[in-house]
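Written below as structure tokens is the structure these notes are about.
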Amino acid sequence: MTAVKFELGADGIAVVTLDMPGRSMNVLNDELMGPYAEVLSKIETDPAVKGVVLTSGKKEFLAGADLENVYKITDPQVAFDLAEAFKGLLRRMEKCTKPFVAALNGTALGGGLELALACNHRIALNNPKAKFGLPEVKLGLLPGGGGTQRLPRIVGIQESLQLMTQGTELRVEQALKKGILNDTADTLEELISKARAWCVANQVAQQPWDVKGFKFPGGDSKHPAIAQLWAIAPSMANAKAYGNYPALNHIASCVFEGGITDIDTGLKVESRYFAACVLSQESKNMMNTLWFQLNAIKKGQSRPSAPAKSQVKKLGILGAGMMGAGIAYVSAKVGIEVVLIDATQEAADKGKAYSTNLLDKAIAKKRSTPEKKDALLSLITASTDYSKLEGADLVIEAVFEDRGVKAEVTAKAEAVIPASAVFASNTSTLPITGLAQASKRPKQFIGLHFFSPVDKMPLVEIICGKDTDDETLAKGFDYVQQIGKTPIVVNDSRGFFTSRVFGTYLMEGAAMVGEGVHPRSIEMAGLEAGMPMPPLAIHDEVSLSLSILIENQTRKDMEAAGQTFPEHPGSKVMRAIAEKHGRIGKKAGKGYYDYTPTGKTLWPGINQEFPLAKEQPSSQEIQDRLMYIQANEAAKCLQEKVLRTVADGNIGSIFGLGFAPFTGGMLQFINAKGLPQFVKRCEELAAKYGERFKPASMLVELAAQGKQLEDVLN
Ligand code: NAD
């Protein structure tokens with residue numbers, strides 16, 4: 001079986017089908033490109049071949065480059081040669097003068113779209129799931145198969161820059177509107193016959209950029225309108241990136257330089273920048289975590305393999321507040337029947353109305369229809385009546401963060417639901433093992449920790465209590481995937497993984513305020529380090545009062561267990577701001593910041609309470625404090641087996657907390673620094689700022705043995 005099928009029709013048109021044996025998707029690698037090169041030679045030399053329809057035998061056209069190969073590259077020459085070899089084939093297609101039509105039956109991303117862009121004409125099947133784009137930037141790479149050269153020559157420099165720096169994935173209609181696609185077809189037969197007909201009607205084909213006098217749509221890099229763009233493009237691209245994503249600059253450079261040269265020179269320039277991206281630490285981090293580790297998680301690495309795959313048909317939700325309402329929406333969206341219970345009918349209805357609101361907004365944006373809205377709402381029953389939970393496969397409680405209330409609703413639900421049903425808590429702080437004491441069947445009790453807002457956040461943290469069995473974990477895992485979210489699995493502990501590390505970020509910010517570090521410097525350093533929100537602003541969002549509540553509870557529990565609560569220097573700061581000045585956060589309109597309808601500004605009173613220190617630390621010093629404290633806490637979670645895998649730690653930190661994605665997550669942050677260097681820096685920080693920076697003992701041991709984090713787990 002070959003990966004590339006060649007069928008020559010009586011009309012002289014060859015249908016070339018990419019269909020790699022033993023794989024569900026076509027990917028760009030030698031296994032595909034070797035046979036493709038042979039077929040291309042035949043096309044070039046056989047006069048009987050008058051034109052080519054290029055299509056795929058899989059559900060999708062071509063998903064992109066085989067990242068296994070790209071990830072391993074450490075020599076820039078190898079990266080350069082890889083890009084050049086692929087582009088050599090594409091150039092041969094363009095220069096052979098026979099028409100090539102891409103018949104795109106499904107998704108064409110990255111190298112898949114680049115292959116299509118080298119065809120003279122692109123027709124796509126009207127497939128609502130198909131996506132088209134050059135998303136390489138999301139893994140710290142750039143389109144090295146001619147994308148940075150052909151796309152600007154098709155859609156213009158400005159549009160292409162936007163698409164490639166954001167890694168936008170377009171649907172058929174959008175790609176057609178932008179001119180990336182030329183035509184569509186409703187059926188596979190029509191797709192091929194339209195492609196064939198185009199070949200027959202255009203027997204001599206040439207790319208516009210190979211025609212003398214070619215002009216970039218909207219102008220080349222020297223055109224006055226575009227020259228203006230070049231003055232601001234780098235700062236626009238870096239406005240949120242703070243220089244942490246070198247691929248952004250490399251993409252812009254490729255497009256700029258390609259816009260003052262011919263296509264062949266542009267293609268070569270692109271290969272050089274491609275090599276720079278491939279070798280960057282940022283791309284290694286992102287490929288490692290956001291590709292390999294994420295795929296491992298999606299394939300069920302953290303799911304016990306024995307229990308059969310399950311599906312939730314009926315879901316009970318207790319508490320129709322912010323979280324319960326969100327969980328109801330995302331569940332009904334995938335067709336699950338939902339019973340949404342609250343203490344009063346009014347509160348339950350309000351929870352259901354949350355879905356109505358979201359759907360009305362989606363309809364206004366043409367992302368949904370009144371029919372879909374009715375169908376989804378008909379799946380949600382808002383009630384106060386627990387007997388409606390009968391037959392539920394899963395119940396999730398999202399009532400107040402109070403052990404007593406949670407125990408009460410657990411008992412009420414368990415009196416009704418089937419013996420096989422799983423009971424889950426969405427608590428953000430209370431240990432699951434303790435909550436399970438209120439359950440008649442602690443083996444079927446689990447934590448499903450959602451993030452707010454539920455409809456936007458991609459992560460669910462699954463927490464196993466002491467007694468949670470594999471069947472229950474598997475059911476929880478399957479449900480999270482059923483609603484299209486990414487599950488990480490952790491063991492029980494105070495704050496689990498995400499809330500625990502998140503707390504260190506907030507408190508380090510507060511501690512620095514107490515030392516007299518300028519609050520603006522703290523905030524800027526947070527952003528420069530790659531965090532989506534700086535520590536003081538995000539603390540205001542979650543509210544200082546909640547942090548105080550959690551701290552009080554933790555202190556009480558630890559003291560009851562005979563342990564000493566470790567005082568944090570940030571605590572006195574947060575208490576002074578919240579308790580002395582009544583500034584509990586954004587919900588009160590005042591916290592570290594003052595909030596007005598037009599925006600927020602840092603509260604000037606901070607520096608009266610905590611005068612500025614004479615000597616201010618460098619931004620790097622502040623960034624290190626904010627990032628090392630989190631990464632070290634993640635390592636402690638791994639050491640204490642709260643985290644079960646490195647992948648869960650990395651993905652959990654990026655998807656749940658937005659931890660600087662270019663670092664590849666908290667544990668990859670440590671790997672990328674190098675274990676010995678990380679340990680040394682932690683020790684320096686500990687000497688200056690306190691015990692909390694002391695490196696996790698596991699790291700010290702591994703560093704001494706010359707090992708990596710993954711080594712302990714394999
Ligand atoms: P919320 O106050 O918005 O909602 C709680 C709801 O529970 C209210 O509608 C209330 O009427 C209802 N309720 C209270 N007692 C009840 C009872 N006895 N029977 C039925 N309903 C009852 O709170 P929330 O923000 O949705 O949080 C709910 C849970 O989710 C908490 O455990 C919280 O820690 C957790 N959580 C919250 C977030 C967040 O960002 N808000 C994130 C993750 C987890």
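Since every read-out is calculated from the coordinates, none of them should be taken as a lab result. The model shown is predicted, which means the values in this text are computed figures rather than measured ones. With ideal geometry, Cβ positions are generated from the backbone for all residues, glycine too; neighbour counts draw on all protein chains shown.
Round to the nearest 0.05 the FRET efficiency obtained for Ile260 and Cys96 when R0 = 25 Å and r is the Cβ-Cβ distance. Mind showing how you got there, number by number?
Numbers: r = 27 Å, r/R0 = 1.10.
The pair Ile260/Cys96 has a calculated efficiency of 0.35.
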Self-check item: Gap separating the Cα centres of the range 139-155 and the range 39-71, nearest whole Å
Solution: 18
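Determine, from the Cβ-Cβ distance of Asp557 and Leu527 and an R0 of 35 Å, the FRET efficiency 1/(1 + (r/R0)^6), rounded to the nearest 0.05. Kindly include the intermediate steps, with their values, before the conclusion.
Details: r = 34 Å, r/R0 = 0.98.
Rounded to the nearest 0.05, the efficiency is 0.55.
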Exercise. Work the Kirkwood hydrodynamic radius out for the range 16-58: mean of 1/r over every pair of different alpha-carbon atoms, inverted, in Å.
Key: 11.3
Quiz item: Binning every alpha carbon pair distance of the range 4-279 at 5 Å from zero, what are the percents per bin?
Solution: 1, 6, 13, 18, 19, 18, 13, 7, 3, 1, 0, 0
Self-check item: Charge-dipole axis of the range 269-354 as Lys and Arg at +1 and Asp and Glu at -1 on Cβ define it, positive-most pick from Val330, Ser310, Tyr273
Solution: Ser310
Self-check item: Rg/Rh (Cα only; Kirkwood hydrodynamic radius) as it applies to the chain
Solution: 1.00
Quiz item: Angle, helix 345-364 long axis vs. longest principal axis of the chain, Cα atoms, 0 to 90°, nearest 10?
Solution: 20
Quiz item: How big is the gap, in Å, between the Cα center of the range 265-315 and the Cα center of the range 98-137?
Solution: 21
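Note down the magnitude of the dipole of the chain about its Cα centre, charges +1 on Lys and Arg C-beta and -1 on Asp and Glu C-beta and zero elsewhere, to the nearest 20 debye.
Working: 81 positive and 79 negative charges, 163 e Å.
In debye, rounded to 20, the chain gives about 780.
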Quiz item: By how many degrees, between 0 and 90 and to the nearest 10, does the Cα long axis of helix 544-560 differ from the longest principal axis of the chain?
Solution: 60
Quiz item: Taking the Cα centre of each part, how many Å lie between the range 475-512 and the range 640-670?
Solution: 10
Self-check item: Rg and Dmax of the range 606-714, Cα atoms only, in Å
Solution: 15.0, 52
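What is the gain in length, in nm to one decimal, between Ser619 and Ile232 on full extension, counting 0.36 nm per residue of separation less the C-alpha to C-alpha distance? Mind showing how you got there, number by number?
Values: separation 387, 0.36 × 387 = 139.32 nm, distance 2.49 nm.
Full extension of this stretch gives 136.8 nm more.
Which links in Lys350/Lys388; Lys131/Lys309; Lys556/Lys600; Lys309/Lys388; Lys556/Lys694; Lys313/Lys365 stretch past 23 Å when you go from one Cα to the other? Mind dumping the intermediate values first?
Values: Lys350/Lys388 18 Å; Lys131/Lys309 28 Å; Lys556/Lys600 35 Å; Lys309/Lys388 26 Å; Lys556/Lys694 25 Å; Lys313/Lys365 29 Å.
Pairs exceeding 23 Å: Lys131/Lys309; Lys556/Lys600; Lys309/Lys388; Lys556/Lys694; Lys313/Lys365.
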Quiz item: For Lys361, which lysines qualify as cross-link partners when the Cα separation must be under 16 Å and same-chain residues fewer than eight apart are set aside?
Solution: Lys333, Lys352, Lys372, Lys373, Lys456
Quiz item: Computed from the mean reciprocal separation of all distinct C-alpha pairs, what Kirkwood hydrodynamic radius does the range 27-180 have, in Å?
Solution: 15.8
Self-check item: Unit charges at the beta carbon, dipole of the chain: most positive-side option, Pro617, Ile154, Gly516
Solution: Ile154
Quiz item: For the range 385-541, what is the convex hull volume of its Cα atoms per residue in Å³?
Solution: 125
Quiz item: Between Lys215 and Ala10, what length comes free when the chain is fully extended (0.36 nm per residue of separation minus the Cα-Cα distance, one decimal in nm)?
Solution: 70.1 nm
Quiz item: Rounded to a whole number of µm²/s, how large is the Stokes-Einstein D of the range 530-616 at 25 °C and 0.890 mPa s, given Rh as the Kirkwood radius over C-alpha pairs?
Solution: 173
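Quick one: dipole size for the range 4-279, taken about the Cα centre, charges +1 on Lys/Arg Cβ and -1 on Asp/Glu Cβ, in debye to the nearest 20. If you can, show how the numbers build up before the last one.
On the way: 29 positive and 30 negative charges, 112 e Å.
For the range 4-279, the charge dipole is close to 540 debye.
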Practice problem: Could you tell me how many degrees, from 0 to 90 and to the nearest 10, lie between the Cα long axis of helix 403-414 and the main elongation axis, the longest principal axis, of the Cα atoms of the chain? | Solution: 60
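Which value, in debye to the nearest 20, describes the size of the charge dipole of the range 256-395 about its Cα centre when Lys and Arg Cβ atoms bear +1, Asp and Glu Cβ atoms bear -1, and nothing else is charged? Walk me through the numbers before you get to the answer.
On the way: 19 positive and 15 negative charges, 57 e Å.
Here the size comes out at about 280 debye.
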Quiz prompt | Residue among Leu62, Gly179, Pro418 farthest towards the positive dipole end of the chain, charges placed on Cβ | solution = Gly179
Quiz prompt | Rg followed by Dmax, in Å, when the range 165-258 is reduced to its Cα trace | solution = 18.3, 51
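Using R₀ = 56 Å, calculate the FRET efficiency as 1/(1 + (r/R₀)^6) where r is the Cβ-Cβ separation of Lys240 and Glu189; round to 0.05. Don't jump to the answer; show the numbers that get you there.
Working: r = 46 Å, r/R0 = 0.82.
For Lys240 and Glu189, the calculated efficiency is 0.75.
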